[in-house]
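Asker: Quick one: structure below, then a few questions.
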Amino acid sequence: MPRHARLPINRCNLPAVILGSLRFQQHPAPLKLDGVEELHRDLFRRLDACAGPERRGEIFRDYMTVRFRLEHLDEAGFSGGPRERAKANYVRMLRGWSFDSDSREGAVLKGWVESRFGLLPRYHGEPLREGDTSAYQRYVEMRAQGLYGTNALEAQLDLVYAYCQYEFARQRPGVSHLTLYRGTNRLDEYERQGAGPGGSRCCS
C-alpha cells in the first residue's frame, strides 16, 4: 500500500500497510480496536449469555443508550448550545453516511476509519490527493463540524464496529469472507495501485 494512502500508526491490532493490502483481503485476520472490548466487558458478557440475535441487538442498543446517555444529554454534560449537534449519535451518523458518503456524516466516518485503522480517505466529493489542498481542507472542516458538540461520537462508532464484528462471528462461525455488492459512480476517478506517478485513472 502506498505511503500517501496510510498513516504510520493506528489504533487496532494490525498496521495500515497490511490492512490495505491484497493479501489481507485474501487472508483476513480478526481485526480489533485497541481497548474497546476490555472497556466494555460487561456488554460482551451479556451478549455471550444471549442466544438470539434479535435480543442481542436489543441489549446492544440499550447499552449504547445508557452508556452514552443518549436520552439524557444533561447527564452527559450537555448544558445548552446547538442541541441538534448534541443529538448527533451513531444512528444518525450511519443513516447520513448511507444516503450520501460525501456528506458531513460521511466525513466523520472517513475520519474515524483514518484514526482507527490508519487508512487515509482518498475521496470526499472530489479527489483528496495532498494534505494542503482546498479539497482536503474542506474534508477536514466537514469532519470537525460533524464531531463538534457531540457526545463521544467516535467512541460510539468504536463500539458499533466491535459489536458488528462480534455479531458476525456469532452468526457465521468459521466464515472468513462475506461478499458484499455495492454500486459505484465516477469509476474513471478511481486510483489504481501500481500506476505511474500522479496515479493514472482506472478506466474499466
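Asker: Free of Cβ contacts under 8 Å to residues at least 40 places away in the same chain and open to solvent by less than 60 Å² (accessible area, probe 1.4 Å): is that true of residue 121 in this structure?
Answerer: yes
Asker: Restricting to segment 39-63, count the residues that are more than 20 Å from residue 172 (Cα to Cα) and modelled with pLDDT under 95.
Answerer: Total satisfying the criteria: 0.
Asker: Still on this structure: For residue 156, indicate whether it is assigned to a helix (DSSP H, G or I), open to solvent by 60 Å² or more (accessible area, probe 1.4 Å) and under 26 Å from residue 39 (Cα atoms).
Answerer: Against the criterion (assigned to a helix (DSSP H, G or I), open to solvent by 60 Å² or more (accessible area, probe 1.4 Å) and under 26 Å from residue 39 (Cα atoms)), residue 156 does not qualify.
Asker: Then there is this: Being out of contact with any Gly (no Cβ under 6 Å at 6 or more places or on another chain), modelled with pLDDT under 95 and part of a helix (DSSP H, G or I): is that true of residue 75 here?
Answerer: Here the answer is yes, as residue 75 does meet what is asked.
Asker: Given the criterion within 14 Å of residue 163 (Cβ to Cβ) and touching a residue at least 60 places away in the same chain (Cβ under 8 Å), identify the matching residue among 47, 19, 39.
Answerer: Of the residues listed, the single one that is within 14 Å of residue 163 (Cβ to Cβ) and touching a residue at least 60 places away in the same chain (Cβ under 8 Å) is 47.
Asker: Just to be sure, is residue 70 at pLDDT 90 or above and either part of a helix (DSSP H, G or I) or surrounded by 10 or more Cβ atoms within 10 Å (Cβ to Cβ) (or both)?
Answerer: Working: at pLDDT 90 or above: no; either part of a helix (DSSP H, G or I) or surrounded by 10 or more Cβ atoms within 10 Å (Cβ to Cβ) (or both): yes.
Here the answer is no, as residue 70 does not meet what is asked.
Asker: Here are the criteria: (1) open to solvent by less than 40 Å² (accessible area, probe 1.4 Å); (2) in a loop (DSSP other than H, G, I, E, B). Tell me which single one residue 43 does not satisfy.
Answerer: Residue 43 satisfies every listed condition except (2).
Asker: If residue 30 meets every condition in (1) surrounded by fewer than 11 Cβ atoms within 10 Å (Cβ to Cβ); (2) assigned to a helix (DSSP H, G or I); (3) modelled with pLDDT under 95 apart from one, which number is that one?
Answerer: (2)
Asker: Which residues, counting only those in segment 159-204, are under 20 Å from residue 101 (Cβ atoms), modelled with pLDDT of 80 or more and surrounded by 12 or more Cβ atoms within 10 Å (Cβ to Cβ)?
Answerer: If the condition is that a residue be under 20 Å from residue 101 (Cβ atoms), modelled with pLDDT of 80 or more and surrounded by 12 or more Cβ atoms within 10 Å (Cβ to Cβ), then 160, 161 are the ones that fit.
Asker: Find all pairs meeting these conditions: Cβ atoms under 8 angstrom apart; at least six residues apart or on different chains; first residue within segment 145-161 and closer than 17 Å to residue 72 by Cβ; second residue in a helix (DSSP H, G or I) and of a type in the set (Val, Ile, Thr).
Answerer: 153/108
Asker: Restricting to segment 14-25, give me the number of residues that are open to solvent by less than 100 Å² (accessible area, probe 1.4 Å) and either over 24 Å from residue 179 (Cβ atoms) or not in a loop (DSSP other than H, G, I, E, B) (or both).
Answerer: 6
The values are calculated or read from the model by the stated rules, or taken from the named source; none is laboratory data. Since we're looking at a predicted model, the values are computed, not measured. Here Cβ is always computed from backbone atoms with ideal geometry, including for glycine, and neighbour counts include all displayed protein chains. To get the accessible areas, we keep the full protein, side chains included, count just its heavy atoms, and leave off ligands, DNA and RNA. Shrake-Rupley method; radii C 1.70, N 1.55, O 1.52, S 1.80 Å.
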